[in-house]
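The values are calculated or read from the model by the stated rules, or taken from the named source; none is laboratory data. Computed from a predicted structure; not experimentally measured. We place every Cβ from the backbone using ideal geometry, glycine too, and count neighbours over all the protein chains shown.
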Amino acid sequence: MPARSKPASKLAPTAALQASVERALDDLKAKDVRIIDVRGKTGVTDFMVVASGTSSRHVKSIADEVIKQAKDIGQPPLGVEGEREAEWVLVDLGDVVVHVMLPRVREFYGLERLWTVGDADAEAEDETAEKHA
């Protein structure tokens, strides 16, 4: 069965949402931002964004800014999890899911490795990182 492509009208809102997320992460100085294209790997979302905060307070602030900027463009979150502990906050924006984590939590769960297994670009990045370590 051929892969379904999204209608052109669907692409613009996703791009705007992704730009909004990137702006929020940049504004709050999130660390090690990684955007992973998961189209074709899951039907849950198109893009997974993983970023780190320096403390629980920073993680919560970053997530709050992602939510605020998404609302500002008319895309309120479908759900938010983990705000209370703020070690890992997940913001579900539909086509974009944002994970903001403390570095130790991010390293433990390894979401980037999970979602990029078999991707040529990710494997090249890993090899480059190993050579420079």
Against the conditions (1) crowded, with 18+ Cβ neighbours inside 10 Å; (2) free of Cβ contacts under 8 Å to residues at least 60 places away in the same chain, where does Leu93 fall short? Just the number, please. (2)
Of the residues Leu25, Leu17, only one is farther than 23 Å from Leu102 by Cβ, in contact with a helix residue (DSSP H, G or I) (Cβ under 7 Å, 6 or more places away or on another chain) and either among the hydrophobic types (A, V, I, L, M, F, W, C) or part of a loop (DSSP other than H, G, I, E, B) (or both); which? Leu17
Output the residues belonging to the stretch 31-56 that are free of Cβ contacts under 8 Å to residues at least 60 places away in the same chain, part of a strand (DSSP E or B) and either surrounded by 13 or more Cβ atoms within 10 Å (Cβ to Cβ) or among the hydrophobic types (A, V, I, L, M, F, W, C) (or both). Val33, Ile35, Asp37, Arg39, Phe47, Val49, Ala51, Ser52
Sole miss for Arg34 among (1) of a type in the set (Lys, Arg); (2) touching a helix residue (DSSP H, G or I) at 6+ places or on another chain (Cβ under 6 Å); (3) at positive phi is condition (3)
Which condition number in (1) in contact (Cβ under 8 Å) with a residue 24 or more places away in the chain; (2) surrounded by 18 or more Cβ atoms within 10 Å (Cβ to Cβ) is the one that Gly82 fails? (1)
Residue list for the stretch 57-77, restricted to those being in contact with a helix residue (DSSP H, G or I) (Cβ under 7 Å, 6 or more places away or on another chain) and over 19 Å from Asp95 (Cβ atoms): Ile62
Conditions (1) part of a strand (DSSP E or B); (2) of a type in the set (A, V, I, L, M, F, W, C); (3) at pLDDT below 95: number failed by Val80: (3)
